[in-house]
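Here the structure comes first, spelled out in structure tokens, and everything after it is commentary.
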Amino acid sequence: MVVVENLTRYVKEGEVEYIYSYRLLKGKISLNYGADSIDVQAYGIEIERQDKLNGNVFNIERDRVKSISPQRHKVHNLLRLMYDNSVSPIHLIEILGDYIDEYIIDFDNVVKDIAIANN
């Protein structure tokens, strides 16, 4: 996985500073295509929160979904949604679940497009 975009948000509550990193990831996913398999570009999201006190990191929370869609703009829009609403990594799956279920069809569409192109 490669980080292709990173958005950072700083939040201070009392003495504790929270640094949120929202990352757009790019990688490959292997899909079945008849008897073969094909590698398809896939985009995902990672959220990381570092908790700092007196300049020292005392806790790190991180979660990610590697393959949400092959369509960068869809995943970028989800990344902005996460960033704009200051979503914590512990809520990533809960928030993205319905989107992931909806966008999974994008991978099927890529396979269909390849099958049409090869006929």
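The values are calculated or read from the model by the stated rules, or taken from the named source; none is laboratory data. The model shown is predicted, which means the values in this text are computed figures rather than measured ones. Cβ atoms come from the backbone with ideal geometry, glycine included; neighbour counts cover every protein chain shown. Remember, those area values only see protein heavy atoms, side chains included, never the ligands or the DNA or RNA. Shrake-Rupley method; radii C 1.70, N 1.55, O 1.52, S 1.80 Å.
Observations
- The phi-based Karplus calculation (6.51 cos²θ - 1.76 cosθ + 1.60; θ = phi - 60°) puts the 3J(HN,Hα) values of region 52-68 at 10, 9, 6, x, 10, 6, 10, 7, 10, 10, 8, 8, 7, 10, 6, 10, 9 Hz, whole numbers, x for Gly and Pro.
- This model, with +1 at the C-beta of Lys and Arg and -1 at the C-beta of Asp and Glu, gives region 72-111 a dipole about its Cα centre of some 240 debye.
- Chain lengthening between I60 and I116 when straightened (0.36 nm per residue, less Cα-Cα): 15.6 nm
- Computed E for Q41/E17 - FRET, C-beta separation, R0 41 angstrom, nearest 0.05: 0.70
- Rounded percent of accessible protein surface that carbon and sulfur make up, region 1-73, 1.4 Å probe: 41
- For E102, net neighbour charge (Lys/Arg +1, Asp/Glu -1) across residues whose Cβ lies under 14 Å away: -3
- Difference of contour (0.36 nm per residue) and Cα-Cα distance, K74 to I100: 8.3 nm
- Non-local Lys pairs in the chain, i.e. 8 or more apart or on different chains, that have alpha carbons under 21 Å apart: 8
- Probe 1.4 Å, accessible area per residue of the chain, Å²: 60
- Rg [Å, one decimal], Dmax [Å, integer] - region 9-119, C-alpha atoms: 17.5, 63
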